[in-house]
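See structure below.
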Amino acid sequence: KNEVSISSELLLIASDRYPELLLDFYQATLKTKAQNWEISNVIASHPKIPFETRKKMLMKGIASRNADHRHYALHKLWDIDQPAAEEILLRLLKKVPKTTKTEYWLDRNAGLTILVSQSKSPAIWKSTHDLLHRADLGMRMELISNLRPPEEAPREILFSFFQVFDRYAYDKTLRDE
């Protein structure tokens, strides 16, 4: 049941000939630890699968207990419905623990700032500041390492971005720790 292998070639054939099977297969992978980024990608952009169905499938991936499934699905939802993805990102940022149970660089929560970097939402940037404030040093540094200002960012977002570095880059206590 937890042993699933995704063949790129078979996925390509299924995508072309049997797109309706992709949905069942995706749901089956959500019950496993298998990497499902390829199928998330195919479902998100498949022209024969109605938009609402694609969105519903990705929402199931986001609801998954598996951080990898959630990560891939949220990134693909961002591609097809950024406002919906921003709402979810805002909720996730508020729930991120202050540290990780694994290596910082492997933590999918630390990767949320990749999406923050694409957002022009002041609420998301404020929530990111709150997360940085409560995160331990290692988590904070990993979150910051993924952070960039979005393209053509409004002044308010650029100011928010530069505040992160003003606050943490020159803090002697953080540097010494």
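The values are calculated or read from the model by the stated rules, or taken from the named source; none is laboratory data. Quantities reported herein were computed from a predicted structural model and do not represent experimental measurements. Here the Cβ is made from the backbone with ideal geometry for all residues, glycine too, and neighbour counts use every protein chain on show. For accessibility, only protein heavy atoms count, side chains too; no ligands or nucleic acids. Shrake-Rupley method; radii C 1.70, N 1.55, O 1.52, S 1.80 Å.
Consider region 91-108 and keep the residues that are at pLDDT 90 or above and open to solvent by less than 50 Å² (accessible area, probe 1.4 Å). The one that is nearest to residue 161 (Cα to Cα) is 93. Pairs meeting the criteria (first residue in region 75-88 and among the aromatic types (Phe, Trp, Tyr), second residue in a helix (DSSP H, G or I), beta carbons under 7 Å, at least 6 apart or on different chains) are 78/85; 78/115.
If you go through region 61-74 and pick out every residue that is in contact (Cβ under 8 Å) with a residue 40 or more places away in the chain and either of a type in the set (Phe, Trp, Tyr) or touching a helix residue (DSSP H, G or I) at 6+ places or on another chain (Cβ under 9 Å) (or both), you end up with 4. Listed by position, the helices (runs of 4 or more DSSP H) inside region 111-151 whose residues that are under 14 Å from residue 95 (Cα atoms) and either open to solvent by 10 Å² or more (accessible area, probe 1.4 Å) or of a type outside the set (Gly, Ala, Ser) (or both) number at least 3 are 122-134. The residue that is surrounded by the fewest Cβ atoms within 10 Å (Cβ to Cβ), counting only those in region 21-60 that are free of Cβ contacts under 8 Å to residues at least 12 places away in the same chain and over 22 Å from the mean Cα position of the chain (by Cα), is 47.
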